[in-house]
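Read through the structure below, which is laid out as C-alpha cells, and then see the notes.
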Amino acid sequence: MDEPSEIGRRVQRLRAQRGLTQKQLAQPGYTPAYVSTLEAGKVRPSETALRFLAGRLGTSYEELATGRPAHLATELRLALTDAQRALATGSAREAAPHFARLLAEAERLDLTDERAEALLGLGDCALESGDPAGAAGHFEAAELLLAAEPLPRRARAVRGRAVAHLLRGELRYACYLLESAIDALNAGGLGDPEALVLLYAAVISPYLDMGALARAAHAAELALALAPGVGDPVLVAGMHRQVARTFLAEGRAADADAALAKAQAVYRQLRMRTDLAHCHWMRGYFQAQHGELAAAERELRTAREMLAARRAALYTAQVEVELADVLRRLGRFEEAVELVSALVDPDAGPGSVDAGAVHAGGAHRLLGLIAQERGDTAAAEEHYVRALALLERSGAAGDLADLCRLLGDLLRRAGRTEAALDAYRAGLGHRAAAPGTTTLGPPPAAPFAAPDPAPDAPPLPAPR
C-alpha cells in the first residue's frame, strides 16, 4: 500500500472524474469528514475502507492502494501461464527469455507473487538447460521473496533448490532441505497435501542414490496416501514417476510399470515433452535391469533424442550414461566410450556440461568396466578410483559399495590382496551405513493420520 498522501490524491482524482461529492462517495458506510481527512493524506485507510471506496468509484482495491490497474497483474499472470506452457511443450532456451521479461515487468510493478513465479520459471529453465548452480540461485531468490508466506506457498521453491543440489551431486544437502520442510509442515499444522506430495516425491531420488531404500519406500507410501487429496494431475503424475523407482528397487516390476504408465498418460495428454522423455528414460532403465537390452536401448535413445531436441543438456548427458551402459553390455564398447567421454574429460570444451558427481562417477565406473573387459587393468583401476572420489563427495552409499566391490575384485585378481581387502572393507562400511546416518538429521515426521510405515522402514517420530 502506498503512503496515505498518495492514496488520498488518488481517491480525490477518481472522485472528481466520476463527478461525486465527498458525501456521495462516503455514503452509506462512512462520513464526508472521513473522506475529507483521507483525501488530505491525514489518515491511513484500512483495507476494508479502501475496498468500499473502490466499489463506489468503480475501480479495484489494488488500483486505489498501489496505483496499479488490476488488469496489469491479471495480464502478467496470464503471460506467466503462457511461459510455463512454452517451457512444458517447447524448450527451456525459448521459455527463459519470456520468464526474464516477465520478471522485469513484475519488479517494475512491485508484484511479489508474480516475481516469485517468474523466478521459479527461470529456475526450471536453468535445470533443464544444465545449469543447476544458476537454478539454485533463482529458487533461493523466490523463496526469499515468499519468506512471509505460509510454508506450503514456498514448497515449490524448496523443492527446486533441492533438485538443483541433487543434480550437482550434493545428496545430503538435498535431503536436508526436503526433510526440514516436511517436518516444518507437519509440526506447524500446515500439512497441505499438495505441498507434502511434492516434497515426499522429491526426496525419493536422493534417498535411493544414498542407499536408503527403506526411507525412500516410506516416503513413497506417504505420497501415495496423500495423493487423493491433490487436484493437480501433473503433480500426481510426477509423484507416480518417482514412486515407480521405489517399486523397482523393491523388485515390484509390475507395480513400477503401472505407476510409470499413469505418469506417461498425463504427460502425453498435456504434451509435456521433457517429463515424457523422463518416462522413456526410466522405462529404459527398468528394461536394462531385467536384461531386456534391445528394448532398453530403444527407450533410452528415444529419451535422448527428445531431450537433445529440447536442448536439455544436463538430462541428455545423464541419459547417455544409462545408454552407454546398455551398449557396453551389448558388447559395443566403442559406441559406449564415445557417449560418455565428454562427461569425464576436463578439456571437453564449452559444449560440455556438469553432470554432477553421481553421474560423472557413473561414467568413470562404466569406463572402468570397459577397460577391465578389454584387459587394461591400469586404466580400469584409475577410473574406479576417480569414480570413488566423486561418489564419496556425494554420499551415494549404494553406488559406493558396488564400486568398492569392483575395485576389490580387480585388485584381488592382480594379486594385490591387502589393497583388495581394504577396498572390500570400505564397501562393507558404505553398505552397512544405517539409514538414519545418511542425512543431516533424523527422518522426517509422518503427517497426521498417515498409514503405518512398512515393517523395514526406519522409525519416525510421532506427529507433533
Quiz item: Within the range 390-408, is there a residue that is modelled with pLDDT of 90 or more, acidic (Asp, Glu) and surrounded by fewer than 23 Cβ atoms within 10 Å (Cβ to Cβ)?
Solution: no
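What number of residues in the range 10-37 are of a type outside the set (A, V, I, L, M, F, W, C), assigned to a helix (DSSP H, G or I) and either under 17 Å from Gly58 (Cβ atoms) or at pLDDT below 90 (or both)? Walk me through it before giving the result.
Applying the first criterion (of a type outside the set (A, V, I, L, M, F, W, C)) to the range 10-37 yields 10, 12-13, 15, 17-19, 21-24, 27-32, 34, 36-37.
Subset that is assigned to a helix (DSSP H, G or I): 10, 12-13, 15, 17-18, 22-24, 32, 34, 36-37.
Narrowing the set further to residues that are either under 17 Å from Gly58 (Cβ atoms) or at pLDDT below 90 (or both) leaves 10, 12-13, 15, 17-18, 22, 24.
Adding up the residues that qualify gives 8.
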Exercise. Can you tell me which residue among Ala261, Ala294, Ala312, Ala308 is over 18 Å from the mean Cα position of the chain (by Cα), under 19 Å from Val340 (Cα atoms) and not basic (Lys, Arg)?
Key: Ala308
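Residue-by-condition table, conditions (1) surrounded by 14 or more Cβ atoms within 10 Å (Cβ to Cβ); (2) over 24 Å from Asp113 (Cα atoms); (3) modelled with pLDDT of 90 or more:
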position	(1), (2), (3)
Ala40	no, yes, yes
Leu57	yes, yes, no
Glu62	yes, no, no
Leu72	yes, no, no
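Determine if the range 249-261 includes at least one residue that is crowded, with 20+ Cβ neighbours inside 10 Å and under 13 Å from Asp275 (Cα atoms).
Of all residues in the range 249-261, those crowded, with 20+ Cβ neighbours inside 10 Å come to 256, 259-260.
In the following step, the residues that additionally are under 13 Å from Asp275 (Cα atoms) were identified as 260.
Scanning the range 249-261 turns up at least one residue that is crowded, with 20+ Cβ neighbours inside 10 Å and under 13 Å from Asp275 (Cα atoms).
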Exercise. Tell me, yes or no, whether the range 59-69 has at least one residue that is touching a residue at least 24 places away in the same chain (Cβ under 8 Å), part of a helix (DSSP H, G or I) and of a type in the set (Gly, Ala, Ser).
Key: yes
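Which of the residues spanning the range 74-94 are among the β-branched types (Val, Ile, Thr) and either surrounded by 19 or more Cβ atoms within 10 Å (Cβ to Cβ) or in contact (Cβ under 8 Å) with a residue 24 or more places away in the chain (or both)?
Of everything in the range 74-94, just one residue is among the β-branched types (Val, Ile, Thr) and either surrounded by 19 or more Cβ atoms within 10 Å (Cβ to Cβ) or in contact (Cβ under 8 Å) with a residue 24 or more places away in the chain (or both), namely Thr89.
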Exercise. Report the residue count in the range 11-25 for those that are surrounded by 14 or more Cβ atoms within 10 Å (Cβ to Cβ) and touching a Ser or Thr at 6+ places or on another chain (Cβ under 9 Å).
Key: 3
Practice problem: Could you grab me the full set of residues in the range 169-210 that are touching a Leu at 6+ places or on another chain (Cβ under 8 Å) and on the phi > 0 side of the Ramachandran plot? | Solution: Gly169
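The rows are residues; the columns are (1) surrounded by fewer than 24 Cβ atoms within 10 Å (Cβ to Cβ); (2) in contact with a Pro (Cβ under 9 Å, 6 or more places away or on another chain); (3) more than 26 Å from Glu128 (Cβ to Cβ); (4) modelled with pLDDT of 75 or more.
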| site | (1), (2), (3), (4) |
| --- | --- |
| Ser341 | yes, no, no, yes |
| Gly349 | yes, no, no, no |
| Val358 | no, no, no, yes |
| Ala378 | yes, no, yes, yes |
| Tyr384 | no, no, yes, yes |
| Gly415 | yes, no, yes, yes |
| Leu428 | yes, no, yes, yes |
| Ala433 | yes, no, yes, no |
Exercise. Tell me which residues, restricted to the range 212-256, are small (Gly, Ala, Ser), closer than 25 Å to Asp399 by Cβ and assigned to a helix (DSSP H, G or I).
Key: Ala214, Ala216, Ala217, Ala219, Ala220, Ala223, Gly238, Ala244, Ala249, Ala253, Ala256
Quiz item: Scanning for something under 24 Å from Ala389 (Cα atoms), at pLDDT below 95 and polar (S, T, N, Q), does the range 194-205 turn up at least one residue?
Solution: yes
Quiz item: at pLDDT 95 or above and hydroxyl-bearing (Ser, Thr, Tyr) - does that describe any residue in the range 295-308?
Solution: yes
Self-check item: Unmet criterion (only one of (1) farther than 27 Å from Ala106 by Cβ; (2) in contact with a Gly (Cβ under 9 Å, 6 or more places away or on another chain)) for Leu25
Solution: (2)
Exercise. Among the residues of the range 201-218, write down those that are crowded, with 24+ Cβ neighbours inside 10 Å and under 11 Å from the mean Cα position of the chain (by Cα).
Key: Ala201, Ala202, Val203
Quiz item: Can you tell me which of Val243, Val234 is of a type in the set (Val, Ile, Thr) and surrounded by fewer than 24 Cβ atoms within 10 Å (Cβ to Cβ)?
Solution: Val234
Quiz item: What are the pairs, 6+ residues apart or on separate chains, where a residue within the range 161-177 that is in contact (Cβ under 8 Å) with a residue 60 or more places away in the chain and closer than 12 Å to Met210 by Cα has its Cβ under 9 Å from a residue that is among the aromatic types (Phe, Trp, Tyr) and surrounded by 24 or more Cβ atoms within 10 Å (Cβ to Cβ)?
Solution: Leu171/Tyr207; Cys175/Tyr207
Quiz item: Pairs, please: C-beta under 6 Å, at least 6 apart or cross-chain, first residue within 19 Å of Glu6 (Cβ to Cβ) and in the range 29-40, second part of a loop (DSSP other than H, G, I, E, B)?
Solution: Thr37/Val43; Leu38/Pro45
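The values are calculated or read from the model by the stated rules, or taken from the named source; none is laboratory data. This is a predicted model, so every value here is computed, not measured. So basically every Cβ, Gly included, is an ideal-geometry build from the backbone, and we count neighbours across all protein chains shown.
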